[in-house]
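Structure record follows, encoded as C-alpha cells.
The values are calculated or read from the model by the stated rules, or taken from the named source; none is laboratory data. A quick note: this is a predicted structure, and the numbers were derived from the prediction, not measured. Counting neighbours? That spans all protein chains shown, and the Cβs are built from the backbone with ideal geometry, glycine included. Side chains included, ligands, DNA and RNA excluded: accessible areas come from the protein's heavy atoms. Shrake-Rupley method; radii C 1.70, N 1.55, O 1.52, S 1.80 Å.
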Amino acid sequence: MEEGGITPSLGKIKNVISAVSIPVHVMLRPHSNSYHYTVEDFSVMLDDLRVIQLFGARGVVLGGLTKENFIDNILLQDLLPHCEGLNVTFHRAFDEVEDQIEALHQLKKYPQIKQVLTSGGPGTALDNLIQIEALLYETSHERMHILATSGIDPTNVAQLLEIGVTNIHVGSGVRFGKSFHQPINIEMIRKIKQLMESYLT
C-alpha cells in the first residue's frame, strides 16, 4: 500500500472477491519501480489479468507511461482488448504526466477506460482543486469519470463535492491513525457516504 498499490497475490484476489458482495476492482501493476513496463512486464500483466477475470472481478485498475512520462498508448492498445467484460480505471500514473488535459484526450480514445484515478497532480486532491475542476470540465459530457483521490476524509470531502466531483477514492484518510497499518474506520466511511448522498441527491 505504501508503494501506491501493486497486484495482490492470487489468494488475496480470490478471497476478497468471495468474501464481499460489492464489485471488486483489482490493481494490475506488476511492480512499483516505475510506470514504464517492459515486454516481460506485459507478459506478467496479461497472465495476472486472466486470473483476475477468472476469479470474477468486476474491474481492473491499470495504466502505463513511456520513459518520457507520456501515456503509453502501445501498452494500452495491446492490453485493453484483453479486458473484455471489465470496468477499466486508469490509475495514478496519470499524476506523473506533464499535461493532464492532453493525456485525458488520449485516454478518451479508449472506450474500455471508464475512470481516471487522480489527485490532479503531485500532492493531494485538496491541493489540486483547480486542476481537478478542469479535468471534470473535460469529461462533463463523456462516459469517462474523474475518480478523485489522496488525502480525502470526512472533514474535507465536501470541498471536492462542491466543485462537482461525484466519484471518490479513499485510502489512509479513512483508517485509524490515517495509517495503512491500521484498520478502516467504518464511521468515517459512513460519514463520507452521507455527505455524498446529500450533495448528489
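Figure legend. Inter-residue proximity from segment 31-59: first residues more than 25 Å from residue 19 (Cα to Cα), second residues of a type in the set (D, E, K, R), beta-carbon distance below 8 Å, spacing 6+ or different chains. Indicated pairs: 31/41; 32/3; 35/72; 35/96; 36/67; 36/72; 37/72; 42/78. Which of the residues spanning segment 130-162 are farther than 19 Å from residue 93 by Cβ and open to solvent by 40 Å² or more (accessible area, probe 1.4 Å)? Answer for segment 130-162, where residues must be farther than 19 Å from residue 93 by Cβ and open to solvent by 40 Å² or more (accessible area, probe 1.4 Å): 130, 133, 137, 140, 141, 142, 143, 155, 159, 162. Determine if segment 60-67 includes at least one residue that is within 18 Å of residue 118 (Cβ to Cβ), of a type in the set (D, E, K, R) and assigned to a loop (DSSP other than H, G, I, E, B). Scanning segment 60-67 turns up no residue that is within 18 Å of residue 118 (Cβ to Cβ), of a type in the set (D, E, K, R) and assigned to a loop (DSSP other than H, G, I, E, B). Consider segment 163-173 and keep the residues that are at pLDDT 95 or above and under 20 Å from residue 5 (Cβ atoms). The one that is most open to solvent (accessible area, probe 1.4 Å) is 169. Residues in segment 66-120 that are among the hydrophobic types (A, V, I, L, M, F, W, C), open to solvent by 30 Å² or more (accessible area, probe 1.4 Å) and closer than 15 Å to residue 146 by Cα: 101 only. When residues in segment 67-100 are screened for being at positive phi and modelled with pLDDT of 95 or more, 1 of them pass.
Only a single criterion out of (1) under 22 Å from residue 175 (Cα atoms); (2) surrounded by 18 or more Cβ atoms within 10 Å (Cβ to Cβ) is not satisfied by residue 21, namely (2).
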